[in-house]
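Read the structure below first, then the notes.
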Amino acid sequence: MTMGGLSFNLDEDQLAIREMAQAFARERLAPFAIEWDREKHFPVDVMREAAALGMGGIYVDEAYGGSGLTRLHAALIIEALAAGCPAVASYISIHNMAAGMIDRYGNAAQKAKYLPRLCSMEWLSSYCLTEPAAGSDAASLRTKAVLDGEHYLVNGVKQFISGAGTAEVYVVMVRTGGEGAGGISTLIIDKDTPGVSFGANEYKMGWNAQPTRQVIFEDARVPVANRLGPEGIGFKIAMAGLDGGRINIGAASLGGAQAALDKTITYLSERKAFGKPIGTFQALQFRIADMATELEAARLLLWRAACALDAHSPQATLQCAMAKRFATDAGFEIANEALQMHGGYGYLADYGVEKIVRDLRVHQILEGTNEIMRVIISRQIMGDKK
């Protein structure tokens, strides 16, 4: 797919990878998604099956067990997985974001230690930026790392961390210097580090198939050798990770929305009212047309952003913010409309639509709220006038 040449067709390799992920989602995710949601079950064994197919380190270097694929490949894979279960697909996205940060910024020793086990998902990973008092204003984070010989002494709390408590590896943004973004560094912190503990699994509206907990650091001693890059570039590392994360979470919204649309089309052909299938009513046909159009528009914008990221375009951050904002808003609205078109049945868990609505709602909040996406977009278009 070459955006510069206006060729929007996926090549044979991209199609094969997408079909592989779609088949996995149909067979190993979709049949169990409602049960996992109900039981709050984190399907680690199933995710390791996905990793065996190359989905644990999608854009990690092949030398370390990764698949060495592009951000566009990742978007195709995450969308396909999300059609089976948005919550599981979104965790796989976050895991890939953390692994990708180690691949991009880690030294040889760090890569050799962590990446093979992350790519196989023998070890799971979590991305730790948000804090109880530092969400959208991430540069104000307070988790502190004080140098103590060959170690940092880490104290603080991270909030809303996907996979926390189960994951073995935490990519953590900490304050090693003064105020603001320039005082932030990134550490790789192992689960079994003394002084690391976890809060209770949060009760959430959706994403029940993955745990969300606080990660708590109390005088945790972390080797200086576990720092990604030099001190002071942690915020840059975090934001670079988020560009790709925003593409993936947008893709997860598309996958969930596509599944909701597909369920709706089937329902409209089977449900009868006034003596004929309700799908024959023009008002409902028009709504389906709008849903499909919004979905395709979001998909093309997302693919364009993924291509910009792969090309290291100076417009990549702008494109990723636009795509994340549009795809997550559109995905939720399409799923919500699908629930409405199912009538009372859409409100029942057995049909699976209400789960998609609940899972997709948080996509408008995480990886940067859609309000923050608008800030990024407006600043890049108009210039930062502060």
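The values are calculated or read from the model by the stated rules, or taken from the named source; none is laboratory data. Computed from a prediction, not measured in an experiment: that's the story for all the values here. Methodologically, a virtual Cβ is constructed for each residue, glycine included, from the backbone with ideal geometry; neighbour enumeration extends over all protein chains shown. For accessibility, only protein heavy atoms count, side chains too; no ligands or nucleic acids. Shrake-Rupley method; radii C 1.70, N 1.55, O 1.52, S 1.80 Å.
Kindly evaluate residue 79 against the criterion of being touching a residue at least 60 places away in the same chain (Cβ under 8 Å) and either part of a helix (DSSP H, G or I) or basic (Lys, Arg) (or both).
Here the answer is yes, as residue 79 does meet what is asked.
Yes or no: segment 301-313 includes at least one residue that is open to solvent by less than 10 Å² (accessible area, probe 1.4 Å), modelled with pLDDT of 95 or more and out of contact with any Cys (no Cβ under 7 Å at 6 or more places or on another chain). The answer is yes; a qualifying residue exists. Checked across segment 252-266, the condition of being in a helix (DSSP H, G or I), over 17 Å from residue 355 (Cα atoms) and modelled with pLDDT of 95 or more holds for at least one residue. Taken over segment 309-342, the residue count meeting the criterion of being part of a helix (DSSP H, G or I) and free of Cβ contacts under 8 Å to residues at least 24 places away in the same chain is 3.
Residues in segment 314-336 that are of a type in the set (Lys, Arg) and open to solvent by 50 Å² or more (accessible area, probe 1.4 Å): 325 only.
Whether a residue is more than 19 Å from the chain's Cα centre (by Cα) and hydroxyl-bearing (Ser, Thr, Tyr) was assessed, and residue 59 does not pass this test. Condition first: loosely packed, with under 13 Cβ neighbours inside 10 Å and either modelled with pLDDT under 95 or under 14 Å from residue 336 (Cβ atoms) (or both). Now tell me which residues in segment 350-386 satisfy that. Across segment 350-386, the qualifying residues are 350, 381, 382, 383, 384, 385, 386. If you go through segment 346-386, how many residues are in a loop (DSSP other than H, G, I, E, B) and not hydrophobic (A, V, I, L, M, F, W, C)? Selection size over segment 346-386: 8.
Scoring residue 36 on the criteria (1) more than 15 Å from residue 163 (Cβ to Cβ); (2) surrounded by fewer than 24 Cβ atoms within 10 Å (Cβ to Cβ) leaves a single failure, condition (1). Taking residue 287, is it of a type in the set (Lys, Arg), open to solvent by 60 Å² or more (accessible area, probe 1.4 Å) and modelled with pLDDT of 95 or more? Considered against the rule, which asks whether it is of a type in the set (Lys, Arg), open to solvent by 60 Å² or more (accessible area, probe 1.4 Å) and modelled with pLDDT of 95 or more, residue 287 comes out as yes.
Is it true that some residue in segment 95-104 is open to solvent by 10 Å² or more (accessible area, probe 1.4 Å) and either outside any helix (DSSP H, G or I) or basic (Lys, Arg) (or both)? Yes - at least one qualifying residue is present in segment 95-104.
Please list, ordered by residue number, the strands (runs of 3 or more DSSP E) wholly in segment 128-247 having 1 or more residues that are open to solvent by 50 Å² or more (accessible area, probe 1.4 Å), touching a strand residue (DSSP E or B) at 6+ places or on another chain (Cβ under 7 Å) and touching a residue at least 40 places away in the same chain (Cβ under 8 Å). Outline the logic, then answer.
On the way: elements: 144-148, 151-162, 169-175, 184-190, 196-198, 212-223.
Output list reads 151-162, 212-223.
The set of residues in segment 55-94 that are of a type outside the set (A, V, I, L, M, F, W, C) and open to solvent by 20 Å² or more (accessible area, probe 1.4 Å) comprises 59, 61, 62, 64, 65, 67, 68, 70, 71, 79. Based on what the data block shows, is residue 280 farther than 30 Å from residue 146 by Cβ and surrounded by fewer than 23 Cβ atoms within 10 Å (Cβ to Cβ)? Here the answer is yes, as residue 280 does meet what is asked.
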